[in-house]
Each structure stands twice: as structure tokens, then as C-alpha cells.
Amino acid sequence: MIRLLIADDESLLRMAFRMVFEAEPDMEVAGEADDGEQAARLARHLRPDVVLMDVRMPGLDGIEATRRIARDSPRSRVLILTTFDLDEYAFAGLQAGAAGFLPKNTRPQELLSAIRNVAAGEAALSPRVTRRVLERFAPQMTPGPAERHERLARLTAREHEVLVQVARGLSNAEVAAALHLAEATVKTHLSRLLVKLGLRDRAQVVVFAYESGLIRPATPDL
């Protein structure tokens, strides 16, 4: 059963989400929050699998709430809801630790699929979409601190290669073809590098690669 926390300041929207989720046999709504402070607090208390997070809420906004949840409730994964699929909130949400973002006009079946993916440990969007967001907002990104480079040093040469290919938006099958590996081997390398880098999913791999300077926007090899 996937336990959900709905964070949105519009009560009618929360009600609509609850109706959709509770009609699914594998989902239940553990709680609702109408601002970011309450969302972060309930995430610590209820330990939901997935938090559906609006960004524009009174008081503490959804981005800072996402940052607190990623820090204090790492087992709860956050899906950011945005007005547009390439706005600054999507960018800030990824940097804050969200597993992905979705436009508010996403169809119910797509939303349900994204929630199931996130609950299973996957990102809620493709690395290619994540990369489009980061390409657009790359000028806002600051150079990665030395700590990131220390984490990179933990990787084997092959894990480093897989990291770069995943950060460029390739699927496991595409990485396997590019590096002449079996797809199962790529999955193993990806799982290991996620653990070594302290990352949770492919979306965070892309963010980490940009912040570390491994991938740069508008370079010829991209």
C-alpha cells in the first residue's frame, strides 16, 4: 500500500486528489497539509511514501518544505506540482531533493503512474526532462563544493562512466549500448553509484552531475 500525504492550500483540490487516490486499491491518503510547515511536520510524524507537494502555499512554501522533508524524512519522496513544466519551481524543487515534478494539469492516470514510480524508487520524470530544466536554469547553479568531488572519488571508473551517461539522459538500455555492457550490469553499477553518492534516483543523478561540473550546458558533446 502506497501511503500519501497531500500538501496544497486549496481544500477542493486536496479533496479531488483524495477521491482519485482512494479509488486505487494500492493507495491510501495518510494525511493532508495546507501549508509547507504542516507538510514537513506531518511527513516526520506519518512517514508517507510519497508527498504530493504544491509550491505556492502561505507561510513556508513547498520548496523549503521539500528541502526539510529530504533532510528529516528521507524515506518520504516528494512530487512537486508546478503550473508549467519548465518553471523555476521545478528547478528549485529538484535542487531541494524532489524526486520529480508534474504540471498541475497532468491527467489522473499519468499522476497515478508517476506516484507508483516514485514509491518504487524511480524518478517521476525522465532524466532528459530533468536535464532540459537544468539546461534552462544552469546560469543560476553555483560550482559544486569540494565535498561533491570527494564523493565522486569513491566511484570506480566504470561507475563514473555510467554516471555521466545517465546524467546525459540515457536510459539503462542506451547506456548499455554506449558502453558495450549488459543492461543488468548497468543497473548494478547505477545502484552502487547511487549508494556511494548518497542519491535517491536518476533525477538526482542529473542534478548532481550539473552541480559537480561533470555536465555543462551548451557544450558540443551534449
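The values are calculated or read from the model by the stated rules, or taken from the named source; none is laboratory data. Note that this is a predicted model, so its numbers are computed, not measured. Neighbour counts run over all protein chains shown; Cβ positions are idealised from the backbone, glycine included. Accessible surface areas use protein heavy atoms only, side chains included; no ligands, DNA or RNA. Shrake-Rupley method; radii C 1.70, N 1.55, O 1.52, S 1.80 Å.
Label points 7 Å out from Cα along the Cβ direction at Arg71 and His160: separation in nm?
3.2
Tell me the per residue accessible area of the chain using a 1.4 Å probe; a whole number in Å² is fine.
48
Rank these by accessible area, largest first, 1.4 Å probe: His149, His180. All intermediate terms of the calculation are to be shown ahead of the outcome.
Details: His149 85, His180 165 Å².
Solvent-accessible surface, decreasing: His180, His149.
Which FRET efficiency value, to the nearest 0.05, do you get for Thr188 and Asn105 by plugging their Cβ-Cβ distance into 1/(1 + (r/R0)^6) with R0 = 41 Å? Intermediate results must be reported in sequence, preceding the final value.
Details: r = 38 Å, r/R0 = 0.92.
Efficiency computed from Cβ-Cβ geometry: 0.60.
Would you rank Thr185, Thr83, Thr106 by solvent-accessible area, highest first, keeping every protein chain in place and using a 1.4 Å probe?
My answer, sorted largest first, is Thr83, Thr185, Thr106.
Apply 1/(1 + (r/R0)^6) to the Cβ-Cβ distance of Arg216 and Ala120, taking R0 = 35 Å, and write down the FRET efficiency to the nearest 0.05. Write out the running numbers ahead of the final one.
Working: r = 31 Å, r/R0 = 0.89.
Once the sixth-power term is evaluated, E becomes 0.65.
So between Ala178 and Arg56, what do we pick up on full extension, going 0.36 nm a residue minus the alpha carbon distance?
That pair, Ala178 and Arg56, stretches by 39.8 nm at full extension.
Most mobile of Val195, Val55, Val207 per a Gaussian network model of the chain (Cα springs, under 10 Å)?
Val195
Could you work out what % of the accessible surface of the chain is carbon and sulfur, using a 1.4 angstrom probe and leaving DNA, RNA and ligands out of the count?
52
Leu46 versus Ser113, label points 7 Å from Cα toward the beta carbon: distance in nm?
In this crude spin-label approximation the distance works out to 2.6 nm.
Once you have a ≥ b ≥ c as the square roots of the Cα gyration tensor eigenvalues for the chain, tell me rounded if a/c is under 1.5, and otherwise prolate or oblate according to whether a/b is larger than b/c.
In terms of gyration-tensor shape, prolate.
Is region 162-222 rounded, prolate or oblate when judged by the Cα gyration tensor, a ≥ b ≥ c being the square roots of its eigenvalues, rounded requiring a/c under 1.5 and prolate requiring a/b larger than b/c? Walk me through the numbers before you get to the answer.
Values: a/c = 2.46, a/b = 1.19, b/c = 2.08.
Oblate is the answer for region 162-222, as a/c is 1.5 or above yet b/c matches or exceeds a/b.
From the backbone phi of region 171-186, what are the Karplus-calculated ³J(HN,Hα) couplings (6.51 cos²θ - 1.76 cosθ + 1.60, θ = phi - 60°) in whole Hz, Gly and Pro given as x?
Whole-Hz 3J(HN,Hα) from phi for region 171-186: 6, 4, 5, 5, 5, 4, 5, 5, 9, 6, 10, 6, 4, 4, 5, 4.
Dividing the alpha-carbon radius of gyration of region 7-125 by 2.2 N^0.38 Å (N being the number of residues), what value is obtained?
0.93
Compute the Cα gyration tensor for region 1-64, then decide on rounded, prolate or oblate, letting a ≥ b ≥ c be the square roots of its eigenvalues: rounded whenever a/c is under 1.5, prolate when a/b is larger than b/c in the other cases, and oblate in all that remain.
Judged from the Cα gyration tensor, region 1-64 comes out oblate (a/c at least 1.5, b/c at or above a/b).
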